[in-house]
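Data first, discussion second: the structure below is written as structure tokens.
Since every read-out is calculated from the coordinates, none of them should be taken as a lab result. These figures come from a predicted structure and were not determined experimentally. Cβ coordinates were reconstructed from backbone atoms using ideal geometry, including for glycine residues, and neighbour counts include every protein chain displayed.
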Amino acid sequence: MRVIDETLLDAMEKMDKAVVHVQSQFATVRTGRAAPALVEHLLVEYYGAPVPMQQLVSIQVPEARQLLIKPHDRAALGAVEKAIRDSDLGVSPNNDGVVIRLNFPALTEERRRDYVRVAKQMAEDGRVAVRNIRRDARKALEAAEKDGEISADELERAEKELDRSTSEHVDRIDAALGRKETELLEV
């Protein structure tokens with residue numbers, strides 16, 4: 001019985017992480033509003049090493065469609081600007097020598113649909129990850145049954161529990177996708 005509990009617990013933890021990962025990926029998809037998550041994970045070439053932007057700057061949202069990015073080290077201003085310019089955000093940074101302003105234009109209907117497609121692909125990748133975790137857990141349970149550690153009835157109960165948990169996690173991903181889709185299509 002201990003093998004079942006450990007396998008199911010491990011699978012659920014991994015599924016939880018997969019759901020959290022998908023939700024954090026959704027935060028990087030641009031909506032009509034400015035959000036720090038759009039630039040936090042961009043890599044900046046800082047003294048020869050790639051560093052996540054969130055470690056080098058403070059980010060403020062003074063208006064709904066504007067980000068204000070202030071590097072902790074003024075020497076990094078050019079590198080931060082280059083990282084933003086090279087990203088796929090579709091905005092050009094305004095550098096005044098102290099801070100960088102990013103003004104986000106309103107999204108066109110076509111661009112909104114493109115972002116919905118991107119979000120759907122992220123959700124599908126998350127669903128696949130959850131199903132792969134289920135597959136690996138199922139293999140571990142079947143191996144335990146084959147080795148005589150658990151009975152066929154215990155295996156069947158554990159697989160039902162695993163399927164229920166998988167279904168819950170996929171539903172959470174779908175719900176997050178629904179929220180993101182609504183947010184993207186809202187004008």
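By the compact-protein rule of thumb, 2.2 N^0.38 Å, the alpha-carbon radius of gyration of segment 37-103 corresponds to a ratio of 0.98. Mean sequence separation of contacting Cα pairs (under 8 Å, at least six apart), scaled by the length of segment 37-103, corresponds to a relative contact order of 29 percent. Once the C-beta distance of ALA175 and GLU110 is scaled by a Förster radius of 35 Å, the resulting FRET efficiency is 0.85 to the nearest 0.05. In the distance distribution for segment 69-177, Cα-Cα pairs more than 17 Å apart total 70 percent. About the centre of its Cα atoms, the chain shows a dipole size close to 900 debye [charges on the beta carbon of Lys, Arg (+1) and Asp, Glu (-1) only; nearest 20 debye]. Can you work out the PRE-style zone for ARG65? Point 7 Å along Cα to Cβ, and I want the residues of segment 81-107 with backbone N under 17 Å. What the label zone holds, given the 17 Å backbone N cut-off, is 89-94, 101-107. Report summary: the helix-based calculation at 222 nm, which adds -39500 (n - 2.57) for every DSSP H run with n ≥ 4 and divides by the residues of the chain, gives -21000 deg cm²/dmol. Here the Kirkwood formula, the inverse mean of 1/r across different C-alpha pairs, assigns segment 25-71 a hydrodynamic radius of 11.3 Å.
Could you work out how far helix 2-27 tilts from the main Cα principal axis of the chain, as a 0 to 90 degree angle to the nearest 10? With both axes taken from Cα atoms, the answer is about 20 degrees.
At full extension, ARG117 and ASN95 could sit 4.7 nm farther apart than now, given 0.36 nm per residue minus the alpha carbon distance. Radius of gyration (Cα atoms) of the chain, expressed as a multiple of 2.2 N^0.38 Å: 1.37.
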